[in-house]
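Everything below concerns the one structure shown next.
Derivation of every value follows stated rules applied to the coordinates shown; laboratory data play no part. All values reported here derive from a predicted model rather than from experimental measurement. Neighbour counts are summed over all protein chains in view; Cβ atoms, including those assigned to glycine, are modelled from backbone coordinates with ideal geometry.
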Amino acid sequence: MSNPLRLPGRVPAWLAALLPLLLAAILYRDVVTFGFLSDAELLIAHNAYIKDLRYLWANLTHDYFWSQSRTGIPYWRPFTKGSWVLEYQLFGPWAGGFLLVQLARFLLGIAGVQVLARRLGARPGFAVLCGVLYALHPAAIDPTCLIMARSDVVSATAVIWTLCGYSLLLAARTRRQRAAALALHLGSLLVGLGSKEQAIAVLPVLVL
């Protein structure tokens, strides 16, 4: 009996891996029609410190609700705030541009799930299935469709690629491979930690 999770011989693994990404792109095609909802209106639409590139460094070094809250809230998410400053220079007040970036980072997470599955020994068909399940998971809907939930999308994607980088580092045989894997591992970890505090959970996973 053939394995249902083994790809047909004529289907390249890289082509099959595009299926979950295409599926997610189709399902989330209307994401650009959403606006600055909830905290995004406060943090971006009505925040002069996001709209001016001169305040990029200030956004990187202050807490999440800096300039929009009289009481300090101990959220430090420089990657999220910094990306908004840069995106405003590209898209201005068009919320759809921010959401396209958000969707792209979600798609990067779907690709990472498949890479991680393969690194853990899964067959190509099973890796594709993992990507599909991640793309269709209902928990991803709000973070992908709400700009204010950007930190959840990016931190999840970064954690996935942190684990991919660590797996590649363990398997590296040459100095160049080790350098590339270490850069992916540490870079993704820094992005995750700079996006949301929950990314710290990956550290005990790596230790175990």
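Protection proxy ranking, highest mean first, for peptides 158-167, 114-123, 84-93: 158-167, 114-123, 84-93, where packing is the per-residue count of other beta-carbon atoms within 10 Å, averaged.
Once the Cβ-Cβ distance of Arg176 and Ile73 is raised to the sixth power relative to R0 = 35 Å, the FRET efficiency obtained is 0.20. Peptide packing: for 35-45, 140-150, the average count of neighbouring Cβ atoms within 10 Å per residue gives the ranking 140-150, 35-45, highest mean first.
How large is the direction-averaged shadow of the alpha-carbon convex hull of the stretch 116-203, in nm²? Spell out each step's value before the answer.
Working: hull surface 25.0 nm².
If you wrap the Cα atoms of the stretch 116-203 in a convex hull and average its projections, you get 6.3 nm².
For the stretch 65-168, compute Rh as the Kirkwood radius over C-alpha pairs and then the Stokes-Einstein diffusion coefficient at 25 °C and 0.890 mPa s; write the answer in µm²/s, rounded to an integer. In µm²/s, the coefficient rounds to 162.
Whole-Hz Karplus values for the stretch 114-125 come out as 5, 4, 5, 4, 5, 5, 8, x, 6, 5, x, x Hz, taken residue by residue from phi with 6.51 cos²θ - 1.76 cosθ + 1.60 and θ = phi - 60°; glycine and proline positions read x.
Of interest is the spacing of the C-alpha centroids, which for the stretch 162-196 and the stretch 9-56 amounts to 24 Å.
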